[in-house]
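The values are calculated or read from the model by the stated rules, or taken from the named source; none is laboratory data. These numbers were taken from a predicted model, which means no experiment stands behind them. Backbone-built Cβ (ideal geometry, glycine too); neighbour counts: all protein chains shown. Accessible surface areas use protein heavy atoms only, side chains included; no ligands, DNA or RNA. Shrake-Rupley method; radii C 1.70, N 1.55, O 1.52, S 1.80 Å.
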2 protein chains.
Amino acid sequence: MTLTTAEENYLKAIYHLSDGGTKSVSTNDVAAEIKTKAASVSDMLRKLGEKEVIEYRKYYGVNITEEGKKRALQTIRKHRLWEVFLVDKLQFAWDEVHEVAEELEHIQSPLLIQRLDEFLNYPKFDPHGDPIPDEFGDVRARPRVALIEMDINQTGQIVAVKDSSAAFLKYLDKVGAYIGARIKVLDKVEFDGSMEILVDQKKTLFMSKDVAANILAIQS
Amino acid sequence: MTLTTAEENYLKAIYHLSDGGTKSVSTNDVAAEIKTKAASVSDMLRKLGEKEVIEYRKYYGVNITEEGKKRALQTIRKHRLWEVFLVDKLQFAWDEVHEVAEELEHIQSPLLIQRLDEFLNYPKFDPHGDPIPDEFGDVRARPRVALIEMDINQTGQIVAVKDSSAAFLKYLDKVGAYIGARIKVLDKVEFDGSMEILVDQKKTLFMSKDVAANILAIQS
DNA sequence: TCATATTTTTAGTCACACCTAAAACTATAA
DNA sequence: TTATAGTTTTAGGTGTGACTAAAAATATGA
């Protein structure tokens, strides 16, 4: 059973909205994510239900099935591998890759993905720090905390952002933060929750609590 | 004005069937090439005519316009660059690349193609020896050499004969050589100048130096 | 020239993925 | 509990790109 490009996109959206299949997702939520109308979503949910990649109860939202989860993870794997390719091999900036990867992820060729994975040396994380599922859909999770949760003098490494909008990525780039940067919390201002961060042992960065809440790090 | 994937495929087919825009192409020929029915082709030709990438006179076939030629060459450029990528970087065999490249060629991102071209070191020919148009649609024609001038292990494609007498053409036909055949020089016998040639990756051919001097090839 | 064969176009359908408008259902709060 | 607000579905329609069947145009040959 094959899925069309549109169906793959719906399934991926449902997977993300359901936090990896742990929550129900409403029709309206899917419509907002896909940027389409609720009426179109109803149609599609009926179809995805028939294909048994979701469980669909009218008026009560959807849950993704095991098969659906597997399919969604395959698409996510392809998306993230292509992102690594674009950044590592074609010198794309990390905020330029999403749209292109969105197209590339629908190319149908298991051999292509296998060889691409090999060519990229089996990367485990994409340029945004998100984990790349293996061919069986298994993900190597890394415990991540929002930067704002870290204590003074703690060290770590930036691994991801919550809000990956182009605007936010551009901002990070401008101030000199990036996925992979080694960081140390120099100060937390109690008054407004803002933080002072040392980046790569040399650059000091001031950020509001809103920014610090959007940056995810692993602690070391 | 943008073209859909289907429209790009039609345009590419028309470009090839018309020998680069030098001949008219019939509805049935297009149908055979695209593997669809003549009725579907009629519909599409009307649409491509409206978009002015072909000139369409009902019942009299189509001619590709300058704009159409440019569009077709862009698609061909993308197809061939992806083929180079698949073979050179992902270790695909030459006969495994076509279907995947057929999908990849429709990805819409000028930056992607520019960077891919750079990454591949601006290749001029694809793995089948076909020339890769530059971003303006210009193609570098390849100098022809007599087969006898080629070295052992060199690959290429037969493009013409010097002596085009019926007798010689008949002889070529009989032994299985033809204009367009992919060849590889397996051996050159010093004693009498005769050659051993692999045709289309499967057939081995022995020919005298007189025959080899009469066949023109491009090298790949 | 005229009947016939071949090619091509038109007419009418279908599936897909979207839309708007309206109806149906669920949730909420007085 | 009942009116109403919000959500979701249904009904009906659109454009794309395919299809079949039938009509129309062109080509061919006695």
Can you tell which of A:Gln201, A:Gln154 is open to solvent by 70 Å² or more (accessible area, probe 1.4 Å) and not small (Gly, Ala, Ser)?
-> A:Gln201
Where B:Ile113 falls short, out of the listed (1) at pLDDT 95 or above; (2) open to solvent by 20 Å² or more (accessible area, probe 1.4 Å) = (2)
The condition from (1) at negative phi; (2) at pLDDT below 95 that B:Gly20 misses is numbered (1)
Going through region B:125-143 one residue at a time, which ones are touching a strand residue (DSSP E or B) at 6+ places or on another chain (Cβ under 8 Å) and either without any contact (Cβ under 8 Å) to a residue 12 or more places away in the chain or surrounded by 15 or more Cβ atoms within 10 Å (Cβ to Cβ) (or both)?
-> B:Phe125, B:His128, B:Gly129, B:Pro131, B:Ile132, B:Val139, B:Ala141, B:Arg142
Here the residues within region A:95-106 that are under 20 Å from A:Thr2 (Cα atoms) and open to solvent by 10 Å² or more (accessible area, probe 1.4 Å) are A:Glu102, A:Glu103, A:His106
Return only the number of the condition from (1) at negative phi; (2) open to solvent by less than 70 Å² (accessible area, probe 1.4 Å); (3) touching a residue at least 24 places away in the same chain (Cβ under 8 Å); (4) within 16 Å of DNA strand C (Cβ to nearest atom) that B:Lys12 does not satisfy.
-> (4)
Got at least one residue in region A:86-99 being within 16 Å of DNA strand C (Cβ to nearest atom) and either among the acidic types (Asp, Glu) or in the same structural domain as A:Tyr171 (by TED's automatic domain parsing) (or both)?
-> yes
Just one of A:Thr22, A:Thr36, A:Thr27 is more than 14 Å from chain B (Cβ to nearest Cβ), more than 9 Å from DNA strand D (Cβ to nearest atom) and open to solvent by less than 70 Å² (accessible area, probe 1.4 Å); which is it?
-> A:Thr36
Right, B:Lys47: more than 8 Å from DNA strand D (Cβ to nearest atom) and surrounded by 16 or more Cβ atoms within 10 Å (Cβ to Cβ) or not?
-> no
Among A:Glu66, A:Glu83, A:Glu99, A:Glu50, which is the only one that is in contact with a helix residue (DSSP H, G or I) (Cβ under 9 Å, 6 or more places away or on another chain) and either closer than 27 Å to A:Thr22 by Cβ or within 14 Å of chain B (Cβ to nearest Cβ) (or both)?
-> A:Glu83
What number of residues in region B:18-63 are within 22 Å of B:Thr2 (Cβ to Cβ) and among the small types (Gly, Ala, Ser)?
-> 3
Those residues of region B:1-19 which are within 10 Å of DNA strand D (Cβ to nearest atom) and out of contact with any Lys or Arg (no Cβ under 8 Å at 6 or more places or on another chain), in sequence order | B:Thr4, B:Thr5, B:Ala6, B:Asn9, B:Tyr10
Filter region B:50-71 down to residues that are part of a helix (DSSP H, G or I) and away from DNA strand D (no atom under 16 Å from the Cβ) and give me whichever is surrounded by the most Cβ atoms within 10 Å (Cβ to Cβ).
-> B:Lys69
Consider B:Ala72 against the criteria (1) modelled with pLDDT under 95; (2) in contact with a Lys or Arg (Cβ under 9 Å, 6 or more places away or on another chain): it satisfies all of them except one. Which criterion is unmet?
-> (1)
How many residues, within region B:127-171, are at pLDDT below 85 and assigned to a loop (DSSP other than H, G, I, E, B)?
-> 12
Considering (1) farther than 20 Å from A:Leu73 by Cβ; (2) out of contact with any Gly (no Cβ under 9 Å at 6 or more places or on another chain), say which one A:Gly20 fails and leave the rest.
-> (1)
